[in-house]
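This report concerns only the one structure given below.
Values in this text are rule-based calculations from the coordinates and carry no lab data. These numbers come from a predicted model, not from an experiment. Virtual Cβ from ideal backbone geometry, glycine too; neighbours counted across all protein chains shown.
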Amino acid sequence: MFPLTGPLHLELILQYIFSLSLALAVLNMVPAYYLDGHHFLVALINFKLQSWTPQHRALLAQTILQSCSFLFASLIAVSLYHLLVD
């Protein structure tokens, strides 16, 4: 039999699972290589900038992806540095 606080603990666990799932979904949509945001960005550029040549769209996507990938990797490196040093 569950104690009286059983439903409260279950609700708390479900809230943690929901928060973790949401955080992973947001993280996965970062426009960086090997994440789903990469595919979303390319699709968005191709949809919104149809008047541009395919070479210009590809160059724009590559520039944005490289910039975001560099920033994402830099943030991870700084976070790991502070985690290990501090």
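Taking the stretch 1-57 as the search range and keeping residues that are hydrophobic (A, V, I, L, M, F, W, C) and under 13 Å from residue 68 (Cα atoms), which one is surrounded by the fewest Cβ atoms within 10 Å (Cβ to Cβ)? Steps first, please.
We begin by selecting, within the stretch 1-57, every residue hydrophobic (A, V, I, L, M, F, W, C); these are 1-2, 4, 8, 10, 12-14, 17-18, 20, 22-27, 29-30, 32, 35, 40-45, 47, 49, 52.
With the extra rule that they be under 13 Å from residue 68 (Cα atoms), the set shrinks to 27, 29-30, 32, 35, 41.
Values: 27: 13, 29: 15, 30: 17, 32: 22, 35: 18, 41: 20.
Taking the candidates together, the pick is 27.
Considering every residue within the stretch 68-86, establish whether at least one is of a type in the set (D, E, K, R) and surrounded by 10 or more Cβ atoms within 10 Å (Cβ to Cβ).
no
Quick check on the stretch 6-28. Is at least one of its residues part of a loop (DSSP other than H, G, I, E, B), of a type outside the set (Lys, Arg) and at negative phi? Write out each step before concluding.
Start the filter on the stretch 6-28 by keeping residues that are part of a loop (DSSP other than H, G, I, E, B), which leaves none.
Scanning the stretch 6-28, I find no residue that is part of a loop (DSSP other than H, G, I, E, B), of a type outside the set (Lys, Arg) and at negative phi, so the answer is no.
Give just the number: which of (1) without any contact (Cβ under 8 Å) to a residue 24 or more places away in the chain; (2) assigned to a helix (DSSP H, G or I) does residue 41 not satisfy?
Here residue 41 clears every test but (1).
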